[in-house]
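Undergrad: Got a structure here, written out as structure tokens. Questions coming.
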Amino acid sequence: MKIITVQQALDLVKDNDHIASALGAAEGQLFLSELHTIANRVSNITLTTCLTLRSYPFMEEAYRDTFLNESIFMSPPTRAAFANGNVSYIPCHLHLSGLKRMQHVKPNIYIGAATPPDKHGFISLSVSNTYEKRMIAEADIVILEINPNFPRTFGDLEISVNDVHYAIEADYPVPTLAEAPPNDLDEKIGKHIAGLINNGDCLQLGIGGIPNAVANALADKKDLGIHTEMLSSGLVKLVKSGVVTNRLKTKFPGKTVATFALGSQEVYDYINDNPSVLLFDANYVNDPYVIAQNDNQVSINTTLEIDLTGQCCSEAIGPRQYSGTGGQADTAAGAQRAKNGRSFIALYSTAMIKGKDGNRAPASKIVPMLKQGATVSLSRNDVDMVVTEYGVAHLRGTSIRERAQRLIEIAHPDYRGELRAAARELMY
């Protein structure tokens with residue numbers, strides 16, 4: 001492993017290269033921050049990114065003819081850059097994201113953050129093993145930003161210095177994700193879900209105000225476990241409070257299992273040198289058949305819009321990509337295959353939607369049909385329980401007629417009449 005500067009790393013980029021970036025907090029900030037400076041000497045550079053946390057100059061419209069950012073999961077920076085014409089989304093389930101991407105294109109360069117080597121010459125990929133180790137094994141050139149501020153973590157994300165071509169010395173803090181404080185609606189939804197969580201259940205919990213409210217509402221539970229794609233601030237608080245013990249898990253008892261960590265500094269301090277936390281490849285963690293090996297597995301995710309048959313659009317607003325499929329379908333299907341497993345999809349009953357006149361007005365998020373161009377993130381075949389602030393609709397095994405009736409019952413009262421009329425017109 002040779003120590004080089006950022007400029008020397010950039011000098012390795014050549015025309016038509018494919019650069020693979022680590023996910024989220026593990027992205028190589030020094031390299032990506034300066035990538036735009038070589039736009040005058042390279043062409044046709046493609047980047048594979050996921051959950052990008054910063055807006056980098058190479059994403060600006062001025063560089064649209066040089067750099068194409070293809071994202072596995074859109075985030076605020078990539079959403080903002082989408083209008084520049086140099087961002088595109090990669091449809092995929094998270095557990096297959098790395099595998100399928102490399103079946104399409106192999107990385108010439110991998111860039112990401114990692115810990116310094118230990119006394120045995122091994123580096124930890126730290127906060128993400130979603131696809132990183134898999135791409136490192138395939139990349140022609142591996143560049144790591146070696147940073148002492150990153151937590152040393154365990155699982156299967158340790159690599160030898162012999163497998164790293166170049167290292168850039170870095171000293172920036174691990175990027176944190178501000179907690180979304182739960183509002184009144186979040187808390188109502190959180191209480192509905194928490195009321196259906198049993199002592200000893202094993203959790204997968206997503207990101208945002210609703211998942212944070214769910215975590216808060218679980219304070220009186222006992223012996224919960226964690227098998228999740230993202231290890232968040234809310235889940236770490238449950239571990240530290242003693243609510244999560246992992247004692248009753250049927251797979252990796254005593255261990256918290258995830259594929260990446262993203263949250264407050266408290267999260268990173270907790271996972272540092274902590275052998276009770278294991279970060280495995282998403283191809284394993286999010287495999288529905290692996291998830292199903294945990295008895296009492298519970299999946300808790302959110303959606304943007306649901307139609308009366310149960311189709312969930314969780315990643316787009318009409319044809320406009322907003323986030324990504326991520327692991328929603330992975331975890332929902334896996335949880336329902338588990339013994340006593342359950343899957344929750346949560347959403348507000350209404351949202352403020354911009355109309356053709358440019359003004360915003362409330363609209364139901366339970367709709368007769370999804371918006372034109374909307375993406376079905378979770379098919380109606382895989383939906384289980386749907387939750388709004390008005391209650392829980394149990395859809396497992398139900399007919400279209402029953403689904404429509406049950407979903408209308410948890411819609412906002414102002415829209416129930418028109419939803420019933422639409423359901424009759426559609427012959428539901």
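The values are calculated or read from the model by the stated rules, or taken from the named source; none is laboratory data. It should be emphasised that the depicted structure is a prediction, and the values quoted were computed from it without experimental measurement. Methodologically, a virtual Cβ is constructed for each residue, glycine included, from the backbone with ideal geometry; neighbour enumeration extends over all protein chains shown. Surface areas here come from the heavy atoms of the whole protein model, side chains and all, with no ligands, DNA or RNA. Shrake-Rupley method; radii C 1.70, N 1.55, O 1.52, S 1.80 Å.
Undergrad: Rounded to the nearest 20 Debye, what is the dipole magnitude of the chain about its Cα centre when Lys and Arg each give +1 and Asp and Glu each give -1 at the C-beta?
TA: Using Cβ point charges on Lys, Arg, Asp and Glu, the chain gives about 1280 debye.
Undergrad: I'd like the carbon and sulfur percentage of the solvent accessible area for the range 36-109, probe radius 1.4 Å, heavy atoms only, ligands and nucleic acids excluded.
TA: 50
Undergrad: Now for a separate question. Rolling a 1.4 angstrom probe over the protein heavy atoms, how many square angstrom per residue are accessible across the range 1-114?
TA: Working: 4500 Å² over 114 residues.
For the range 1-114, the per-residue accessible area is 40 Å².
Undergrad: Calculate, in nm to one decimal, what Asp156 and Arg424 gain on full extension: separation in residues at 0.36 nm each, minus their alpha carbon distance.
TA: Computed gain between Asp156 and Arg424 is 91.2 nm.
Undergrad: Still on this structure: If you stretched the chain out fully between Thr250 and Ser379, how much longer would it get, using 0.36 nm times the residue separation minus the C-alpha to C-alpha distance?
TA: Here the answer is 43.6 nm.
Undergrad: How much of the DSSP beta bridge set in the chain is antiparallel, as a percent to the nearest 5?
TA: Values: 18 of 70 bridges.
Given both bridge residues lie in the chain, the antiparallel proportion sits at roughly 25 percent.
Undergrad: If the cut-off is 30 Å between C-alpha atoms, which lysines fall inside it for Lys356, apart from same-chain ones fewer than 8 positions away?
TA: Leaving aside lysines fewer than 8 places away in the same chain, those within reach of Lys356 are Lys365, Lys371.
Undergrad: With each label point set 7 Å from Cα along the Cα-Cβ vector, what nm distance links Gln7 and Lys240?
TA: The answer from the label model is 4.2 nm.
Undergrad: About the Cα centre, and with charges only on the beta carbon of Lys, Arg (+1) and Asp, Glu (-1), how big is the dipole of the range 5-97? Nearest 20 debye, please. Please list the in-between numbers first.
TA: On the way: 5 positive and 9 negative charges, 33 e Å.
Once rounded to the nearest 20, the dipole reads 160 debye.
Undergrad: Spin-label point model (7 Å from Cα, Cβ direction): what's the Leu99 to Asp223 distance in nm?
TA: 3.4
Undergrad: Per residue, how many Å² of accessible area does the range 141-234 show with a 1.4 Å probe?
TA: 39
Undergrad: For Lys119, which aspartates and glutamates qualify as cross-link partners when the Cα separation must be under 17 Å and same-chain residues fewer than eight apart are set aside?
TA: Reachable aspartates and glutamates: Glu158, Asp163, Asp273.
Undergrad: So what is the calculated 222 nm ellipticity per residue for the chain, using -39500 (n - 2.57) for each DSSP H run with n of 4 or more, over all residues, to the nearest 500 deg cm²/dmol?
TA: Result for the chain: -7000 deg cm²/dmol, rounded to the nearest 500.
Undergrad: Suppose R0 equals 30 Å; then what is the FRET efficiency for Ala62 and Thr176 from their Cβ-Cβ distance, rounded to the nearest 0.05?
TA: Numbers: r = 29 Å, r/R0 = 0.97.
With a Förster radius of 30 Å, E is 0.55.
Undergrad: Now for a different question. Considering only protein heavy atoms and a 1.4 Å probe, what is the carbon-and-sulfur percentage of the accessible area of the range 297-428?
TA: 47
Undergrad: Within the range 158-195, whose backbone N sits under 11 Å from a point 7 Å along Cα→Cβ of Tyr284?
TA: Hits in the range 158-195 for Tyr284 at 11 Å: 158.
Undergrad: Follow-up. As I understand it, the dipole of the chain uses +1 on the Cβ of Lys and Arg and -1 on the Cβ of Asp and Glu, about the Cα centre. Which of Ser241, Met369, Val87 lies farthest toward its positive end?
TA: It is Met369, whose Cα lies furthest towards the positive end.
Undergrad: Which residues in the range 313-336 place their backbone N less than 13 Å from a point set 7 Å from the Cα of Lys356 along the Cα-to-Cβ direction?
TA: Within reach of a label on Lys356: no residues.
Undergrad: For Arg41 and Asn198 in one chain, what is 0.36 nm times their gap in residues minus the Cα-Cα distance, to one decimal in nm? List each step's numbers first, then the result.
TA: Values: separation 157, 0.36 × 157 = 56.52 nm, distance 5.91 nm.
Roughly 50.6 nm would be gained on extension.
Undergrad: Can you give me the accessible area per residue for the range 254-407, using a 1.4 Å probe, in Å²?
TA: Averaged over the residues of the range 254-407, the accessible area is 38 Å².
Undergrad: Also, I was wondering about something else. Aspartates and glutamates near Lys339 by alpha-carbon distance under 14 Å, same-chain residues fewer than 8 away left out - which ones?
TA: Lys339 reaches Asp201, Asp295.
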